[in-house]
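The values are calculated or read from the model by the stated rules, or taken from the named source; none is laboratory data. All figures in this text were calculated on a predicted structure; none of them were measured in a lab. Every residue, glycine among them, receives a Cβ derived from its backbone with ideal geometry; neighbour counts consider all protein chains shown. Note: accessible area is taken over every heavy atom of the protein model, side chains too, but ligands, DNA and RNA are not part of it. Shrake-Rupley method; radii C 1.70, N 1.55, O 1.52, S 1.80 Å.
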Amino acid sequence: MQLLASILYHIITVVSLLIYVPIVLLTFPFPFSIRYGTARRWGGFMVWVGKWLCGLDFVVEGRENIPQGAAIIMGKHQSTWETFAFQQIFPPQVWVLKRELLRLPFFGWALALMEPIAINRGAGHRAVGQIIEQGRKRLQEGRWVTVFPEGTRVPRGKRRKYGMGGAVLAAETGFPVLPVAHNAGTYWPRRSARLYRGTIRVVIGPAIDPKGLTAEEIRDRAQDWIETKMMELEGRSEMAELITKQHPGKA
């Protein structure tokens, strides 16, 4: 039944996307707040469907750490779920993403209306320059910037070296970094069609003030906090315990 519910979830995702993308495209003459608000409703709908259909709920810890002004979110990227949920948890935001996504027909055009920071990942240091230039403008406009520092979705229990983009942006602009850990990958594994029942924990850490810190120090502080919290989340999750009992050595 859980597998059938998961398949139905993905069908609803595709069908609702076919409905929402044209609606978002029709908002192109309007200000960012309206364009973003329209797109955000689709993310909220998908979070709700996940809870109603698949039993995938979530809780947020550390809301008191969210700054009043704009900030740079540095978080784990384990599944599709957080791309929906972050829009519901944090203020209006733009994402750092690969520019190839904007070339996709219809979906990419709608994504472009969200004014993301689209970079050429193969450009090396020039890509960091793009993040600084576009990110500074977005932050000064009051928009948050979301960065997945590992650059791609990483399976549960794994880690990749954190990139410098978000940390350099903080060092250059003085805006704080907000580290975020979650265990969505336990309930919606990477490259898996199955969504598992359970409650995802999203934990927001204390904001990192970049004043007096180098980009490397900012990156290291964010990484240390996130990865330490991830060990706690993955060790305590009910699903991890279930997997350990059913498949020793795989959790």
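How high is the relative contact order of the chain, in percent, counting Cα pairs under 8 Å that sit 6 or more residues apart? Walk me through the intermediate numbers first.
Working: 415 pairs, mean separation 61.3, N = 251.
Across the chain, relative contact order equals 24 percent.
So for the chain: antiparallel DSSP bridges make up what percent, rounded to the nearest 5? Intermediate values should be presented prior to the final figure.
Working: 4 of 23 bridges.
Taking every DSSP beta bridge with both residues in the chain, the antiparallel ones total about 15 percent.
Taking the solvent-accessible surface of protein heavy atoms with a 1.4 Å probe, what is the per residue accessible area of the range 73-190 in Å²? Walk me through the numbers on the way to the answer.
Details: 4770 Å² over 118 residues.
On a per-residue basis, 40 Å².
Name the residue farthest towards the positive end of the dipole of the chain from the options 213, 22, 74, assuming +1 on Cβ of Lys and Arg, -1 on Cβ of Asp and Glu, about the Cα centre.
Comparing the listed Cα positions along the dipole, 22 ranks first.
What spacing in nm lies between the two simple spin-label points modelled at residue 197 and residue 14, each 7 Å away from Cα in the Cβ direction?
2.7
Alpha carbons only, please: Rg and Dmax for the range 101-219, in angstrom.
Values for the range 101-219 (Cα only, Rg and Dmax): 16.0, 45 Å.
Go through the range 180-218 and name the trypsin sites (Lys or Arg not before Pro) that are in a DSSP coil and have 12 or fewer other Cβ atoms within 10 Å of their Cβ.
Working: sites: 190, 191, 194, 197, 201, 211; in loops: 190, 191, 194, 197, 211.
Answer by residue number: 191, 211.
What percentage of the solvent-accessible surface of the chain, computed with a 1.4 Å probe over protein heavy atoms, is contributed by carbon and sulfur atoms? Present the calculation step by step, with values, prior to reporting the outcome.
On the way: 7340 of 12620 Å².
Roughly 58 percent, rounded to a whole number.
Obtain the nm distance between the two label points defined at residue 231 and residue 104 by a simple spin-label model: each point lies 7 Å from its Cα along the Cα-to-C-beta direction.
Modelled inter-label distance: 3.6 nm.
Only Lys, Arg, Asp and Glu count, each charged at its Cβ (+1, +1, -1, -1), so figure out the dipole size of the chain about its Cα centre, rounded to 20 debye. Write out the running numbers ahead of the final one.
On the way: 33 positive and 20 negative charges, 144 e Å.
That gives a dipole near 680 debye.
Given a Förster radius of 30 Å and the C-beta distance between residue 25 and residue 120 as r, what FRET efficiency does 1/(1 + (r/R0)^6) yield to the nearest 0.05?
Working: r = 25 Å, r/R0 = 0.82.
Using R0 = 30 Å, I get an efficiency of 0.75.
Could you point to the label whose value was computed as Cα extents along the principal axes in Å for the structure here, given [x] 140, 38, 30; [y] 48, 43, 36; [z] 78, 46, 39?
[y]
Just to be sure I understand the rule: take each whole DSSP H helix in the chain, project its Cα atoms onto its long axis, keep it if the span is 20 Å or more and its mean Kyte-Doolittle hydropathy is at least 0.0. Which ones pass? Numbers along the way, then the final one.
Details: long enough: 2-25 (34 Å, 2.11); 32-54 (32 Å, 0.17); 125-140 (23 Å, -1.04); 215-236 (32 Å, -1.24).
Those that clear 20 Å and a mean of 0.0 are 2-25, 32-54.
Restricting to DSSP loop positions (anything but H, G, I, E, B) with no more than 15 other Cβ atoms inside 10 Å of their own Cβ, which trypsin sites (Lys or Arg not before Pro) remain in the range 128-163? Mind dumping the intermediate values first?
Working: sites: 136, 137, 138, 143, 153, 156, 158, 159, 160, 161; in loops: 143, 153, 156, 158, 159, 160, 161.
Sparse-neighbourhood loop trypsin sites (Lys or Arg not before Pro): 158, 159, 160, 161.
What value in Å³ per residue do you get for the convex hull of the alpha-carbon atoms in the range 130-173?
Numbers: hull volume 3.3 nm³, N = 44.
It is 75 Å³ per residue.
Any number yet on Rg/Rh for the range 42-106, C-alpha, Kirkwood?
On the way: Rg = 13.8 Å, Rh = 13.9 Å.
My calculation of the ratio gives 0.99.
In deg cm²/dmol and to the nearest 500, what is the mean residue ellipticity at 222 nm of the chain if only DSSP H runs of at least 4 residues count, each as -39500 (n - 2.57), divided by the residue total? Let's see the in-between values first.
Numbers: 9 runs with 122 residues, N = 251.
The helix contribution divided over the chain gives -15500 deg cm²/dmol.
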